[in-house]
Structures are given as structure tokens and as C-alpha cells.
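Asker: For reference, the structure I am asking about is given below.
The values are calculated or read from the model by the stated rules, or taken from the named source; none is laboratory data. None of these values were measured; they are calculated from a predicted model. Because the Cβ atoms are built from the backbone with ideal geometry, glycine has one as well, and the counts that use them run over all protein chains shown. For accessibility, only protein heavy atoms count, side chains too; no ligands or nucleic acids. Shrake-Rupley method; radii C 1.70, N 1.55, O 1.52, S 1.80 Å.
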Amino acid sequence: MANYRDIFNLVQSLSKGERRNLHVLANQWGRQPMHLKVLEELYRMDNLDLERLRKKLKIDDRVIQRAIRKILEIILQSRSIFEPGPRETVAREIADIGYLLEKGMSSLALDQIEKSLHACRQKELFEEHRQLLSIRRRLTGEMHDSDSEAAEVEVKQRNLIAFLSLRARSKADLQDNRGGKSALRLRSILSDELIMDPSEAMSVKAEFQRLSIRWRIFNYLREYEQMIVDLERLLQLLQEHSAIIDANHAELMEHRFILAQVYIHRSQVDRARALMNSIQNMELYAADLIAKRFEKYCLTQLGIACDVGDEAAGNSALSLLDKHFNRYMNSISPLMQRLMLYMAAKFQFYRGDYSAADQYIRRIMSLSSVEQFSDFVPFAKTIQLLAAFEQGDVDNLDNKLRGLHRTIATYDPEHQLPAMTYHAVKLASKGLEAEVGGIFQNFQNRLPEIAVDEFDYLDMRVYLEARRRGISMLDLASEQLAHRGDLSDAV
């Protein structure tokens, strides 16, 4: 009952401008809801008269209670719309508390403080939390409770700042390729007491930073088992506390992609598939995140298809890419656009659909400013050449040979694989059928001369072995995965 009178007094204190803003907001409803009818009656009263409200509006006490509470909400809502000030929820609520105190409504201000404190605890808003505790202490004079809670908040905030400092310290070392010195410095971070043995006052935000530091360092040190443990903990944390650290699910999506790729690297394909399904089924509302999921989902699925021979994963990605590529094109960087089309061409080549592979490469070359992407354009031309060779298209093969030769001369790449492929196919195209096997066997013998990272673009080891055995590259990749699994079981 006391709050009824406080809210009535607040209504009576409203200026003409504040009342006008309330009516502008009210007109948006079209018909007049009950709380606005109650508000009109309150304007006409000199003293709060509940009996008058019951008789005139023919409503009971429960409806009156809801209406008066709603009146307080729309008064504060009108301030957030019409008055300058912060738009963040808790920051706006703190401004509203100041407004209520200026009106002399300390009881209403205390109610709002408790509501805002609850939000701060849930979302770990440390600065706002301490500010609200300070206001409450001045209003109530309750020193002990406010001080003990403020001390706990301060510890959590201090721990979070410490982790952010550790993350900044580790960032340069994680980007450093010198190996030995960086590894020593990173191991010293891992041995830090905060990283090894977090305190009981650890906040969710601090735990997120701790696990983020740990898995990145373990990845750098190639200690993948511990890296997987920390990534799985991190995903669980993101799922349980999304309101605090990941309201739009961007971090959850990103780390699911990372963990799926780690699972593939560790030949844990079933786990990777389960994660990719969970990513596909995520409810996302931000347009940029939806475009990001499309991009990374297609690239990851196509990578899985080529690495482990999972044709279903590749087909799933191709279906999405063909359907939505033009829709999301403007939200994807030019490099990623071309890389997606390249991976689609690579998948088609791996499963032996050489005509489709050639079509995807043509789409890449038709895009503007393709010359900026010299890293993988020679490999794209290499796939086109091999596709023409496998199709036995002699006339087209000469065009592809000239095209790859021009590309190698134009870009002058450091990569050896496109040039070696060019010479092998040129010899094979001019030789007798019986000589082709020897030419490619010689090519296979020279593969150790090629840097391993070139096989990320196109794994000629898989191509030459699959060709020798007369099976598709996808079938060979699937066999190799099963063999790795057998070795792992034996160990």
C-alpha cells in the first residue's frame, strides 16, 4: 500500500513536458489500456482514493495494483525514449534512480536499486554493481551488508582484470614463431597461480578468460588433449552463462567451429559431426552472425569432406552454398568468397566430378580483382588443368596448360606444386598411354621436395595415390581415416 502512495506522489510531481511525453507514448497503443485510464484518474485526484478507482473504473484491487505498477514502468520508459542519457539497461536504471531521488521518492528508488542489483549480479556488471551498493548504503545506512558485498565484487573485478592482463601478455607470444623462447614464456603463464588454481571468488567472465588463455597456449604447444578439455569446458560455460558472456551466441558459435576442427585433426569425426549439427541448428538473430555461420559452416564442412572423405558433409555445404551464396555475398569478405568457391571446386574434384570442379573455378576467375589472391589462384588453375586431363579433353587441355603457365609466370609464386603439376601433365599429354603411369610415379617420388603447407590447398599425395589405385580421392581419404582409427585403437 505504501508504494501506491509513492507512485501517486510521483505522478503528481510530473511536469507538463513529462506528462506530454507519457501521452505521446500512450498514443502508440491505439486503444487506451487500463493503466492509462487509471493514470488519467490519478491526475484528477488531490489525494490517492482507491475506492474512487474501484467504483469509476469498475475494477478490483488486483487490477489497480497491476495498473499502478505499470504506470511506474511507463514513466521510466518515457524517460529512456524522450530524455537524453545512456541507453544500456543498467546504466539507464541508475539514471532513473537518480531521477526518483530528485523527486524525493526514496522508497521507489530503493525498489529500483534492488531490481538493478539483481541484474548486476546476473550479468556481472562490476562497476555498476559497486555504484548501486554505494547509493544503497547512503540511503539505508546499512554498512555491513553493502561493504561485504562490495568487497566480493572488488575481488571478482580484480581477478578479471588480472586475466585480461595475462591474455594481453600471451597474445604477442602466441603470434611469435620463434618457438623456444615463446614456449618458455607461455609455460610461465600456465604456471601462474590464477591460471592453475582459480580462487573461489572467480567470476564467470574471469573463468571465460582463463579457459580462453589456456586452450590457445595448449594449441601453440601442440598439447591437444588438454586443449580439447579446456575447449569443452569453455563451450559448457558459454552454454550455461550466455546472458553474461555471450548474449548473441557469437562466442559459442566461434568456439564450436574451432573445436570441430580440432576433432577432425584428432580423427574424432563423430564428435565433429555432432558439433556441426549443433551449429546448423543454433537460433541466431543478428544478420552478420547468420552470414558468418553460413561462411564458416560451408568452409568447415567442405574441409571435413575433403580431409576424411565425408561426402554427406560436402553435399550439405554445396547445397547451402549454391542456394545462399549470392544472398550473403556482400556480408562476406572477397577472400572468403573465393575461398568458399575454391573449396567447393576442390570437393567436386576429390569426388571425381571434374566438370563441376571446373565450373566453380570459372566462377572464381569471373569475380573482380582476382589477381589480389595470388596465394590460391595457381592452385585453382591446377585443379582446372587436372580436371581437363582426367576428362581426356585434349583441346581444352592445351588451353588449361597455357592458362596455368601464364598464372605461374604472372604471380611468380613460391609454391612448387603448381609448376611441378604443369610439367607432369604436359609430359603425360604428349606421351603414350603406357608412359603416363611412369610420369606420375616420378611426380609422386618428388613430392617430399614440396613444402607440407602446399598440400593444404591441394593434396597431390592423395590425388596420385588414388589415381594409381583407380579410386576416388574421397574413398582414399575415408580409408586413411579408418587406418588412423585402427592405429589409435591399437595404441
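Asker: Kindly check whether there is at least one residue in segment 302-311 that is open to solvent by 10 Å² or more (accessible area, probe 1.4 Å) and among the aliphatic types (A, V, I, L, M).
Answerer: no
Asker: Another one. In segment 363-371, is there at least one residue being of a type in the set (A, V, I, L, M, F, W, C), within 28 Å of Ser472 (Cβ to Cβ) and surrounded by fewer than 22 Cβ atoms within 10 Å (Cβ to Cβ)?
Answerer: Taking every residue of segment 363-371 in turn, at least one turns out to be of a type in the set (A, V, I, L, M, F, W, C), within 28 Å of Ser472 (Cβ to Cβ) and surrounded by fewer than 22 Cβ atoms within 10 Å (Cβ to Cβ).
Asker: Step by step: first the residues of segment 201-239, then only those that are in contact (Cβ under 8 Å) with a residue 60 or more places away in the chain and not small (Gly, Ala, Ser), then the one that is nearest to Arg158 (Cα to Cα). Which residue is that?
Answerer: Lys205
Asker: Restricting segment 428-439 to residues that are surrounded by 12 or more Cβ atoms within 10 Å (Cβ to Cβ) and out of contact with any Leu (no Cβ under 6 Å at 6 or more places or on another chain), which is modelled with the lowest pLDDT?
Answerer: Here the answer is Gly431.
Asker: I would also like to ask the following. In segment 104-127, which residues are under 17 Å from Arg69 (Cβ atoms) and of a type outside the set (Gly, Ala, Ser)?
Answerer: Result: Met105, Leu108, Leu110, Asp111, Gln112, Ile113, Glu114, Lys115, His118.
Asker: If you take the residues in segment 389-417 that are part of a loop (DSSP other than H, G, I, E, B) and in contact with a Ser or Thr (Cβ under 9 Å, 6 or more places away or on another chain), which one is nearest to Gln444 (Cα to Cα)?
Answerer: Looking at the filtered set, the residue picked out is Pro413.
Asker: Hey, another quick one. Say whether the condition of being assigned to a loop (DSSP other than H, G, I, E, B), at pLDDT 90 or above and open to solvent by 50 Å² or more (accessible area, probe 1.4 Å) is met by at least one residue in segment 337-360.
Answerer: The answer is yes; a qualifying residue exists.
Asker: Could we say that Glu454 is modelled with pLDDT under 90 and either more than 19 Å from Phe347 (Cα to Cα) or surrounded by fewer than 14 Cβ atoms within 10 Å (Cβ to Cβ) (or both) here?
Answerer: no
Asker: With surrounded by fewer than 21 Cβ atoms within 10 Å (Cβ to Cβ) and assigned to a loop (DSSP other than H, G, I, E, B) as the only criterion, which of Arg271, Arg222, Arg216, Arg233 stands out?
Answerer: Just a single option satisfies the conditions, and that option is Arg222.
Asker: Here is a further query. For segment 256-273, check the following and say yes or no: at least one residue is over 24 Å from Leu341 (Cα atoms), out of contact with any strand residue (DSSP E or B) (no Cβ under 9 Å at 6 or more places or on another chain) and among the hydrophobic types (A, V, I, L, M, F, W, C).
Answerer: Taking every residue of segment 256-273 in turn, none turns out to be over 24 Å from Leu341 (Cα atoms), out of contact with any strand residue (DSSP E or B) (no Cβ under 9 Å at 6 or more places or on another chain) and among the hydrophobic types (A, V, I, L, M, F, W, C).
Asker: Continuing with this model, one more query. Looking only at segment 115-134, decide whether some residue is open to solvent by less than 50 Å² (accessible area, probe 1.4 Å), closer than 21 Å to Ala247 by Cβ, not in a helix (DSSP H, G or I) and not aliphatic (A, V, I, L, M).
Answerer: Scanning segment 115-134, I find at least one residue that is open to solvent by less than 50 Å² (accessible area, probe 1.4 Å), closer than 21 Å to Ala247 by Cβ, not in a helix (DSSP H, G or I) and not aliphatic (A, V, I, L, M), so the answer is yes.
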